[in-house]
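Input: a single structure, listed below in structure tokens.
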């Protein structure tokens, strides 16, 4: 397995993985154009797991100079429970640490067992508003 930076050619495969895992919430957040914007963002880490030339997983997060926040790890359902998530988690943590992070948070939209196995603990709630225009009637 190879862990590498996201490339625009990965979009279709990642969309398919996100949809298969019911993690494709909003086109403007998770869709192809959003992925291309994340790819251009210097604060972002956007990793892809590839095996035999096929995308089998992805991880995406940001480091703002103080805090590292992992937004998502998503693995092809046929490849789950084979260590791909762990490899992606370890690589993104390594990259955040190299950038100066001393801790890392993760947004978890469901089961927390995977994360707890690696030392994460439930501490706060993440709240979401979509679309952002709903904030103060922007």
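Within 10 Å of each residue's Cβ, count the other Cβ atoms and sort 48, 108 from fewest upward.
Result, fewest neighbours first: 108, 48.
Can you sort 72, 126 from fewest to most other Cβ atoms within 10 Å of each residue's own Cβ?
126, 72
Give me 74, 66 ranked fewest to most by other Cβ atoms within 10 Å of their Cβ, as a rough exposure proxy.
So the ranking, lowest neighbour count to highest, is 66, 74.
Which length gain, in nm to one decimal place, applies between residue 66 and residue 126 when the Cα-Cα distance is subtracted from 0.36 nm times their residue separation?
Taking 0.36 nm per residue and subtracting the Cα distance, the gain is 19.8 nm.
Is the C-alpha gyration tensor of region 2-137 telling us rounded, prolate or oblate? Criteria: a/c under 1.5 is rounded; beyond that, a/b larger than b/c is prolate, otherwise oblate.
rounded
Output the peptides 115-122, 7-14 sorted from most to least packed, where packing is the average of other Cβ atoms within 10 Å over each peptide's residues.
In descending order of packing, they fall as 7-14, 115-122.
For region 50-138, give the share of DSSP beta bridges that are antiparallel, in percent and rounded to the nearest 5; count only bridges with both residues there.
DSSP beta bridges in region 50-138 are roughly 75 percent antiparallel.
Between region 84-107 and region 1-31, what's the alpha-carbon centroid distance in Å?
19
Every read-out reported here was derived from the displayed coordinates using simple, explicitly stated rules and does not represent laboratory data. The model shown is predicted, which means the values in this text are computed figures rather than measured ones. Glycine gets a Cβ as well: all are built from the backbone with ideal geometry, and neighbour counts include every protein chain shown.
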